[in-house]
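Everything below concerns the one structure shown next.
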Amino acid sequence: MHSLRIAAALAFAALLACQDREVPEGHGVAGRRSEGIVFVRQVGGRADLARARIADGALIAVSPTPEREERWPYWSDVARRLVFQTRPYGPALQTQLVLWHPESGEEAILASTLDRDQRWPTWSPVSPRLAYAFKQAGRHSGIALYDLGTKRAEVLASVASPGLFLRPAFSPDGRRLVVQRRTGRSPETDLWLLEPGRAPRRLTSEPGTLDGKARFTRDGRAVVFNRQFEKKGPGDLFRLDLETRALT
């Protein structure tokens, strides 16, 4: 039997309310919502998405796609969709984002950008919108905001290559994003605040540090992030108050 490995102890898992359909008799408790967990399953060096149904423990493939790699699934209760990264196996192929509907099983590529990488998708907690980072080799990198209703994407920030934007995270009210930015080939990164209709604002600029993995506090008044002084060295957690700019 192939061994199964769940990436980062379900760090990439998405809790998913699949549909209101009753669970069949003999397969759990009838009448309960058919909920499950979508996660990355690695078998024989290949990564695919699978769904574990909570009602009866059944393991179901989200989509049988041996020709491509699938990672980073994120579920939205508001949009009723799962978004995940996918990339065909092979050299120098681009990473794309796919939307998946659990009730119909339908898939849709977020945008036809075969010459551009799209990574780190994250859903707004209050609306059917998602943010993601993109990179076009030799040209630029940026953060885009995609609206599921209009099916249009708005670029919130961009930087010329070899600069790089990555890891967007929404504020609790869905109005702002905190992102990580690298300005050049140096591994140093700083944090920026993005908001539709406003110019990007830099939050940190400490020379020689890697600031990243930022998240808003529950009240949205501060950002908590990890700061490293070496790329592979230990890091410390900091809290930045967005109004006073006090760092603790």
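For this structure, a couple of remarks:
- Charge context of ARG227, other residues only, Cβ under 9 angstrom, K/R +1, D/E -1: -3
- Per residue, segment 156-236 exposes 53 Å² of accessible surface when a 1.4 Å probe is rolled over the protein heavy atoms with every protein chain present.
- Expressed as a whole percent, the accessible area of segment 132-221 that falls on carbon and sulfur atoms is 43 (1.4 Å probe).
- For segment 149-174 versus segment 55-111, the gap between their alpha-carbon centres in whole angstrom: 20
- Loop GluC sites (Glu not before Pro), segment 33-77 (other Cβ atoms within 10 Å of the site Cβ: 14 or fewer; DSSP): GLU67
The values are calculated or read from the model by the stated rules, or taken from the named source; none is laboratory data. Just so it is clear, the model here is predicted, and its values are computed rather than measured. Neighbour counts run over all protein chains shown; Cβ positions are idealised from the backbone, glycine included. Please note that ligands, DNA and RNA were not included when accessible areas were found on the heavy atoms of the full protein model with its side chains. Shrake-Rupley method; radii C 1.70, N 1.55, O 1.52, S 1.80 Å.
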